[in-house]
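Q: Pasting a structure here, questions to come.
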Amino acid sequence: MKKHNFNAGPSILADEVIDNAAKAILDFNGSGLSLLSISHRTKDFDAVMAEADSLFRELLHIPDNYKIIYMGGGASTFFYNIPANFLNKKAGYVNTGVWSKKAIKEAKHFGQVEVIATSEDRDFTYIPKGFEIPSDLDYLHITSNNTIYGTEYHEDLDSPVPVIADMSSNILSRPIDVTKYAMIYGGAQKNLAPAGVSFAIIREDMLDKVERDLPTMMLFRTQVEKDSMFNTPPVFPIYVLKETLKWLKSIGGVPEIYRRNQEKAALLYDEIDRNSMFRGTVAKEDRSLMNICFVMADGYEDLAPEFLEYTKQHDIVGIKGHRLVGGFRASCYNALPKESVEVLVKCMQDFEQLHKK
């Protein structure tokens, strides 16, 4: 039986993407070889890399003066690679949760770090706004969507200094103006591919910003000049990423997926607000479209395990909240169909009827 997959990551991928990947594992491009055992130096895989680059540029309107690279590992690798490559004197960070804090910790190894704004005072339940950005920063770092707490930036920042954004969990989920960012990066295991590859979109003038003597592998210049093939790239995840981009283009691109994501989120948030047994956990204006967090309402807290079990009986998986915050988290990434959200909403309605006081 098909499951309704709300896992926060690795997360759901489109059915046709999985089907195409499965076929390629058996026979890649009619070569008689499995995708899992081809050489990354073949013309066939060169074509995969070129198509991924082309689709990424088309879908996000990425200008020519930006380079796209793919690396092994996840966003956590970039937490130290970014300050290593870009931090000369001082960097600014906005602290909106666990991943921001980890990035801040790594940056401190390379220079002065100033936390420009934080939402820690209210347990990361909102996105800081109206803060002043010092003009002497080497860059300003933000986490555009916070998977654990369920908050998200809904507009691109205007900044006097280069903005670097961790978009691991909301890349390609809404339109963005790439030119407002000096670098966009993330792990691919939410909206793009299985775990094992990370991506970065870097404005060329950001390269060679520091004179720090870095290992060759850590230099972004190395990855750019070698077309992400300084070492063997994660072949299978990159292929799946390319197939995901193809799927996204086929359904109407970013504008269409944004419409779908808004529709799914509205459906679930409306039920959270209506249902007497549940309540949301973050400021309404900052609610994430990707990670929808909620808890049992006051007086119903003891029913949380029962509700979790009730959803499992309806083939819903992955809605248990992160261990740091508890409650529930429905991750509604791009590939999650609206029907899965409708099943969850029906479960919430039925559960309310079972226990209404």
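The values are calculated or read from the model by the stated rules, or taken from the named source; none is laboratory data. Fair warning: this is a prediction, and the values are worked out from it, not measured in the lab. Reconstructed Cβ throughout: ideal geometry from the backbone, glycine too, with neighbour counts over all protein chains shown. Only protein heavy atoms, including side chains, enter the accessible area calculation; ligands, DNA and RNA are left aside. Shrake-Rupley method; radii C 1.70, N 1.55, O 1.52, S 1.80 Å.
Q: Being open to solvent by 40 Å² or more (accessible area, probe 1.4 Å) and small (G, A, S) is the filter here; which residues of the stretch 10-46 pass it?
A: Of everything in the stretch 10-46, those that are open to solvent by 40 Å² or more (accessible area, probe 1.4 Å) and small (G, A, S) turn out to be A22, G30, S31, G32, S37, S39.
Q: Quick test of your reading of the structure: T179 fulfils all but one of (1) among the β-branched types (V, I, T); (2) part of a loop (DSSP other than H, G, I, E, B); (3) farther than 12 Å from F86 by Cα. Name the failing condition by number.
A: Looking at each condition in turn, T179 falls short on (2).
Q: Taking the stretch 120-136 only, how many residues are within 20 Å of K108 (Cα to Cα) and buried (at least 16 other Cβ atoms within 10 Å of the Cβ)?
A: Residues flagged as within 20 Å of K108 (Cα to Cα) and buried (at least 16 other Cβ atoms within 10 Å of the Cβ) within the stretch 120-136 amount to 1.
Q: Just to confirm my filter: which strands (runs of 3 or more DSSP E) fall fully inside the stretch 26-123 and include at least 2 residues that are out of contact with any helix residue (DSSP H, G or I) (no Cβ under 6 Å at 6 or more places or on another chain) and over 21 Å from R221 (Cβ atoms)?
A: In the stretch 26-123, 90-95, 112-118 are the strands (runs of 3 or more DSSP E) which contain 2 or more residues that are out of contact with any helix residue (DSSP H, G or I) (no Cβ under 6 Å at 6 or more places or on another chain) and over 21 Å from R221 (Cβ atoms).
Q: Answer with yes or no whether I164 is more than 9 Å from the chain's Cα centre (by Cα) and free of Cβ contacts under 8 Å to residues at least 24 places away in the same chain.
A: Judged against the criteria, I164 is not a match.
Q: Just one of (1) part of a helix (DSSP H, G or I); (2) under 30 Å from V48 (Cα atoms) trips up N231, so point out which.
A: Just one mismatch for N231, condition (1).
Q: Tell me, which residue of the stretch 171-184 that is of a type outside the set (S, T, Y) and open to solvent by less than 10 Å² (accessible area, probe 1.4 Å) is farthest from A52 (Cα to Cα)?
A: Once the filter is applied, the top-ranked residue is A182.
Q: Considering only residues of the stretch 64-86 that are of a type in the set (A, V, I, L, M) and over 17 Å from Y181 (Cβ atoms), which is least open to solvent (accessible area, probe 1.4 Å)?
A: Among those residues, the one meeting the criterion is A84.
Q: When both residues are 6+ apart or on different chains and their Cβ atoms are under 8 Å apart, which pairs have a first residue that lies in the stretch 91-115 and is open to solvent by 60 Å² or more (accessible area, probe 1.4 Å), and a second that is part of a helix (DSSP H, G or I) and not hydroxyl-bearing (S, T, Y)?
A: Matching pairs, first to second residue: W99/A75; K102/F79; K105/F79; H109/P83; V115/I104.
Q: Same structure, new question: Taking the conditions exactly as written (closer than 30 Å to L36 by Cα, open to solvent by less than 30 Å² (accessible area, probe 1.4 Å) and in contact with a helix residue (DSSP H, G or I) (Cβ under 7 Å, 6 or more places away or on another chain)), does Y139 satisfy them or not?
A: No; evaluated as a whole, the condition is false for this residue.
Q: Within 25 Å of S100 (Cβ to Cβ), under 16 Å from the mean Cα position of the chain (by Cα) and either free of Cβ contacts under 8 Å to residues at least 60 places away in the same chain or part of a helix (DSSP H, G or I) (or both): is that true of L245 in this structure?
A: The answer is no for L245.
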